[in-house]
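I have placed the structure first, in the form of structure tokens, so that the comments after it can refer back to it.
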Amino acid sequence: MSVDTRNRSRSPSFGGGDELATLSGSRIEHWNARTGGHLSKTIDAHALPFGETPRSNSAEVGFRSDFALNSRPETGYAQVMIYGNQVLHAINLRTGKENRALRVRLGRDVERAFLDSSGHFAAAKTSGGMLELWWAAAGQRPHRVVGPLGPLGSNDRFTGEGFTFSFTGIYGEFYVANGSTVRFQQLSNPSSFKTYDFEENQYFLAATKDGKTLLRTLSGGGFGGGNGGGGRLNLIHLDPELWKRHLCDVVGHDLTQDERRGLPAGLPNRICPT
């Protein structure tokens, strides 16, 4: 299941197989995706025994709801998070009750977070548009392993959009496409990561689950213009072997020493076959 941590303002949902869960306001509904029928009673998140549920006063895009709904690795459960409270609550969709043994509490500045498919790691958005990655296995003490990274979607013109991030489905692997960089981070070994760097800022709209194919636009060379500011939408594949083949087709020879001087260090000694 793939879930976007930026809580959708209309009807966020997730599911797997024949099951679907949706959030509308504070109403959590559990559906049969094939028949459209309810699998259990509607849950009112305001009525869950979380204590006080503060109203959101955030003006940030995508964070205007009191509650965020995300998937959990356990079958039949949903994660509910209250804006202004850093606790990840695990709700049994059939009973409408919280499983407190699965509760995870992250750092004080966390505003939204979601777990990977193993339930061991969490991606968290904090105040100021920063991104943190946490060890968050239930029953163990959470701690931050990477970050803060960011700010997300931010330069001197705009803050709040033009980025995408998620877990790739490989244990502990995460990607974030933001600004002029796409970063792949291995959370089980935080010192292990790789980056793809662009010459100028990109405006990222979406990505495949593995983060290797991205929909982007330059939007006239910066953020904030959407596709109406002169930017042209296109797909880019993060495939160095494909790039090498295109380079060799266009240039017609391996790079000379003069050509290499204008490029980043670390290029292989030979790129094009003889």
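Rule-based calculations on the coordinates, nothing more; no lab input. None of these values were measured; they are calculated from a predicted model.
Below, the figures for the structure above:
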read-out: 22 Å Cα-Cα threshold exceeded, pairs from LYS212/LYS244; LYS125/LYS209; LYS209/LYS244; LYS97/LYS209; value: LYS209/LYS244; LYS97/LYS209
read-out: Cα-only Debye scattering, segment 87-144: base-10 log of I(q)/I(0) at q = 0.13, 0.25, 0.30 Å⁻¹; value: -0.32, -1.00, -1.25
